[in-house]
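Heads up: the structure comes next, in structure tokens.
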Amino acid sequence: MFAAIFDLVLPSACAGCGSTGSAAPLCSDCVAALTAVRPQRVRPDPEPAGLPPTFALAAYAGAVRDALLQYKEKGRHGLRAALGDQLARVVARGIHRDRPILLVPVPATAAAVRQRHGDHVVRLAERAAGTLRRQGRPAAVAGALRALPKSDSAELTALERARAAKTAFATRPGRLPGVRDAAAGGAAVVLVDDIVTTGSTLVAAANRLAEGGVAVDYAAVIASTRRRGTSGVLHRT
């Protein structure tokens, strides 16, 4: 809470480019640069079986990478608005304006929530849904998944990450009927996360929802990255 307040009232370095002199977490130049980017379809290389169609705003590099790290790991919760608004643009990519949208955040573990003083993806999803509603698009957030305890995946290989992801989530039975009803009524079910690397996390989350009778239409993330130790880039189409 205090970090968010300080971001709002005290001038600090821009989380994207490091420039000073603005009270906003992202300077106007960085916001303009992000807004100019058109969200696109991305595909991990190799693309895992069962991956929903996935859209991203930009590559996980430069100002986007720095802003996400500041938001996620450094407690700059004031970035929620700027990043959530960009996520809303990704969510809206390629979907009919009048179709209702149900955002399902990929949840953080309880340990990560404690460490980061909240679930960073849930915050982004809530902001994105609010932004879409202000634009006249029906949107809501459904916390249909919960994360099970797991070890840090930062140093895992792609194969190890895929194996760990298979047991990373469980559904919330009390919330699934509402999601199923919304989907049956024509709503698009959209998985949302901050970053996609190998795609294994999105596959695991989509599979858990499918087991509960909910089909994911597509996934939306802010950034896409490449796997370490390969030349495989997430292809944009």
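Values quoted throughout were computed directly from the atomic coordinates according to the rules given, and no laboratory measurement underlies them. What you are looking at is a predicted structure, and each value in this text was computed from that prediction instead of being measured. Every residue, glycine among them, receives a Cβ derived from its backbone with ideal geometry; neighbour counts consider all protein chains shown.
The table below lists the values:
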{"read-out": "Karplus (6.51, -1.76, 1.60) ³J(HN,Hα), θ = phi - 60°, over segment 55-70, in Hz, Gly and Pro reported as x", "value": "10, 9, 6, 7, 6, 7, 7, x, 4, 5, 4, 4, 5, 5, 5, 4"}
{"read-out": "³J(HN,Hα), Karplus 6.51/-1.76/1.60, whole Hz, each residue of segment 35-47, x for Gly, Pro", "value": "5, 6, 7, 9, x, 9, 5, 10, 9, x, 10, x, 8"}
{"read-out": "Cβ crowding within 10 Å averaged over residues, with 110-119, 134-143 ranked highest first", "value": "134-143, 110-119"}
{"read-out": "Estimated distance in nm for a label pair at Ala32 and Arg65, the labels positioned 7 Å out from Cα along Cα-to-Cβ", "value": "2.5"}
{"read-out": "Within-12-Å neighbourhood charge of Pro138 [Cβ basis; K, R +1; D, E -1]", "value": "+4"}
{"read-out": "Arg133-Arg97 pseudo-label distance in nm [points 7 Å out on the Cα-to-Cβ vector]", "value": "2.0"}
{"read-out": "Potential lengthening between Asn207 and Arg146 on full extension [0.36 nm per residue; Cα-Cα distance subtracted]", "value": "20.6 nm"}
{"read-out": "For segment 38-236: span of alpha carbons on each principal axis (Å, largest first)", "value": "44, 34, 34"}
